[in-house]
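Peer 1: Input: one structure, supplied below.
The values are calculated or read from the model by the stated rules, or taken from the named source; none is laboratory data. Given the structure is predicted, the values throughout are model-derived calculations rather than measurements. With ideal geometry, Cβ positions are generated from the backbone for all residues, glycine too; neighbour counts draw on all protein chains shown.
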Amino acid sequence: MTQRISKYQRFKMMNPIIQFFKFIYLSIKIMVVVAGGHGGTREVKSKVSKLVS
Amino acid sequence: MSKIVILGAGISGHVAASHLRRKLSKEHEVLVVSPNSNYQWIPSNIWVGVGRMKSKEILFPLAPLYKKKGIRYKQAKAITFHPEGDKTEQKPYILAEYVVGEKKGQQEKVTYDYLINATGPKLNFEATEGLTPGLNKTYSVCTYTHADHAWEGLNDLIQQMKQGKKVKILIGTGHAKATCQGAAFEYILNVEQELRRHKVRDMAEVTWISNEYQLGDFGMDGMLLSYGSMTMKSSEMVGMIFEDRDIKWILGVGVDKIENGIAYYENLDGEHKKEKYDFAMLIPSFSGHGFKAFDKNNEDVTSKLFKGFMIVDADYTSKPYEDWSVKDWPETYQNPSYQNIFAPGIAFAPPHAISKPRKSKNGTAIFPAPPRTGMPSGITAKLVADNIIDSIKSGKDTAHHKGSLGNMGAACIASAGFGITQGSGVSITTYPIVPDYEKYPKTQGRQLGKTFGEIGLAGHWLKLALHYAFIYKAKMRPFWWLIPE
């Protein structure tokens, strides 16, 4: 086993107080990325046919 | 009035049905046709598979909810598509067969004005010889019943380890072109944590086996991401986690045969090798359901609707990897031949892979198929519903709601272990999902900052919060629509 994550890093990753603030930060950041909108990448002449009204 | 039929009640189908019902008046009919009686929140199957959640915590029955909300529901499976009707039925319809109750086995023509195909993938276990959940010491976490079996198998193994047995655990992909590496990634980290919790970690050799060329590919060609103040590749991040947890890895391989405790595979060098194991969780390849379609004269028009999965507004022109463009990906998930048919979520045929295609020296294609997880499934289902709603309400043809995977962000909150104080999660967001090399040429097609990774306890809390939030949303509790997809 190679210890790739230092004890200090691990402390930060698992400390509930630090992680509580990280939780708030991540929630907002993820919301910005995901709910920040989406759209197309090209112009498409695509139409929905309404068959029956 | 209009009648909208939705095939499937998974994330995509259920999201579409929910939004259609909320936004359309009762004169319009919303009908869900699904062979499944329960809604399941698939991302939490991981925790069922390590015994930290019961399957009843991740599912609920559909029929009472749909009855309460005014959504019609038939527990039936689609058999054939008839987008022009036939000689006796003027309206387009799907032929469905009931799977339970008094009508079990009976077939019925279900007519529609708009059809949303949200049937998701077929779990194609048959594509790999011997890969059957619960047999040959292999398991799956693709459904809650599979996850229950996986936990039974793992728990049994843990008891043997406590008696002093040394074991090998193999987790990853079970086919050369499988996808959903993220689920296997979560499962291997959760299994590793459970072994430590049960104090048997030193009794197990845990190995990741995958068709990815590099760690952290996830079927998305990997990513360059912000990690704290650094910028690192997803391969480096996953490598760091695996090394830290003493997880070995075998990459660039296609598992092609399973025998009791032995996985046979071919690697990119064309070598045929095998790996022994005592417990394996291998994700199968996904495929379309093999539906057939017929026109009004009963002529086969399957090629107009299906290319494995359903054909939508993507550019399916065959071209080399270098010429792939983000513009190839669909925006409205609308079938070009029958424009009242849509296929959001996993039901649409992707124009090509996202990861670079690779072949072994024997010519075997070994690379991940493109992943389409819960978040884009929900987003694409909602935009399809919105386009149909706009068309019905305005009386005009419209498709102005668009959502290409090349212009959409996604979050992957990968559980790395369960526990309120001892849990962990790897939170990764990607923007866009399909890399746009024209817009972001220097950062591997993605926007740094919006593409980032974090590891820690907060990730576990986040995944747990999403579990409760999305089940609340799926149950259509008060103000459910305020929770984004």
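Peer 1: Of all residues in the stretch B:288-319 being surrounded by fewer than 17 Cβ atoms within 10 Å (Cβ to Cβ) and under 19 Å from the mean Cα position of the chain (by Cα), which is farthest from A:G40 (Cα to Cα)?
Peer 2: B:G290
Peer 1: When the residues of the stretch B:19-43 are filtered to those that are modelled with pLDDT of 95 or more and assigned to a helix (DSSP H, G or I), which remaining residue is surrounded by the fewest Cβ atoms within 10 Å (Cβ to Cβ)?
Peer 2: Result: B:R22.
Peer 1: Kindly establish whether B:D313 is touching a Pro at 6+ places or on another chain (Cβ under 6 Å) and free of Cβ contacts under 8 Å to residues at least 40 places away in the same chain. Can you show your working first?
Peer 2: Details: touching a Pro at 6+ places or on another chain (Cβ under 6 Å): yes; free of Cβ contacts under 8 Å to residues at least 40 places away in the same chain: yes.
Answer is yes for this residue.
Peer 1: Same structure again: Find the residue count for the stretch B:411-443, including only residues that are more than 9 Å from every other protein chain (Cβ to nearest Cβ), touching a Gly at 6+ places or on another chain (Cβ under 7 Å) and among the polar types (S, T, N, Q).
Peer 2: Of the residues in that region, 1 qualify.
Residue-by-condition table, conditions (1) on the phi > 0 side of the Ramachandran plot; (2) among the polar types (S, T, N, Q); (3) exposed (fewer than 14 other Cβ atoms within 10 Å of the Cβ):
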| position | (1), (2), (3) |
| --- | --- |
| A:R4 | no, no, no |
| A:K7 | no, no, yes |
| A:M14 | no, no, no |
| A:F20 | no, no, yes |
| A:F23 | no, no, no |
| A:I28 | no, no, yes |
| A:T41 | no, yes, no |
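Peer 1: Exactly one of these conditions fails for B:T111: (1) among the polar types (S, T, N, Q); (2) within 14 Å of another protein chain (Cβ to nearest Cβ); (3) touching a helix residue (DSSP H, G or I) at 6+ places or on another chain (Cβ under 6 Å). Give me its number.
Peer 2: Result: B:T111 passes all but (3).
Peer 1: Output the number of the condition that B:S377 fails; it satisfies all remaining conditions of (1) assigned to a helix (DSSP H, G or I); (2) within 9 Å of chain A (Cβ to nearest Cβ); (3) of a type outside the set (D, E).
Peer 2: (2)
Peer 1: Within the bounds of the stretch B:63-86, is there any residue that is more than 14 Å from every other protein chain (Cβ to nearest Cβ), of a type in the set (S, T, Y) and part of a loop (DSSP other than H, G, I, E, B)?
Peer 2: Here is the first cut: in the stretch B:63-86, the ones more than 14 Å from every other protein chain (Cβ to nearest Cβ) are B:63-81, B:86.
Now restrict to residues that are of a type in the set (S, T, Y): B:66, B:73, B:80.
Okay, now just the ones that are also part of a loop (DSSP other than H, G, I, E, B), so none.
Within the stretch B:63-86 (the criterion being more than 14 Å from every other protein chain (Cβ to nearest Cβ), of a type in the set (S, T, Y) and part of a loop (DSSP other than H, G, I, E, B)), the answer is no, since none of the residues qualifies.
Peer 1: Within the stretch B:331-346, restricting attention to residues that are within 9 Å of chain A (Cβ to nearest Cβ) and assigned to a loop (DSSP other than H, G, I, E, B), which residue is farthest from B:I379 (Cα to Cα)?
Peer 2: Restricting attention to the stretch B:331-346, the residues satisfying the condition of being within 9 Å of chain A (Cβ to nearest Cβ) are B:331-332, B:334, B:336, B:338-340, B:342.
Checking which are assigned to a loop (DSSP other than H, G, I, E, B) leaves us with B:331-332, B:336, B:338-340.
Details: B:E331: 11, B:T332: 11, B:P336: 20, B:Y338: 22, B:Q339: 20, B:N340: 19 Å.
Within the stretch B:331-346, the match that is farthest from B:I379 (Cα to Cα) is B:Y338.
Peer 1: Go through the stretch B:393-410 and give me each residue that's at the interface with another protein chain (Cβ under 8 Å from one of its Cβ atoms), assigned to a helix (DSSP H, G or I) and in contact with a Phe, Trp or Tyr (Cβ under 8 Å, 6 or more places away or on another chain).
Peer 2: B:G406 - this is the single residue of the stretch B:393-410 that is at the interface with another protein chain (Cβ under 8 Å from one of its Cβ atoms), assigned to a helix (DSSP H, G or I) and in contact with a Phe, Trp or Tyr (Cβ under 8 Å, 6 or more places away or on another chain).
Peer 1: Checking B:K165 against (1) surrounded by fewer than 23 Cβ atoms within 10 Å (Cβ to Cβ); (2) modelled with pLDDT of 95 or more; (3) not in a loop (DSSP other than H, G, I, E, B), which test does it fail?
Peer 2: The single condition B:K165 does not satisfy is (3).
Peer 1: Do we find that B:L225 is over 22 Å from B:V141 (Cβ atoms) and in contact (Cβ under 8 Å) with a residue 24 or more places away in the chain in this structure? Don't jump to the end; show me each part of the working.
Peer 2: Working: over 22 Å from B:V141 (Cβ atoms): yes; in contact (Cβ under 8 Å) with a residue 24 or more places away in the chain: yes.
Here the answer is yes, as B:L225 does meet what is asked.
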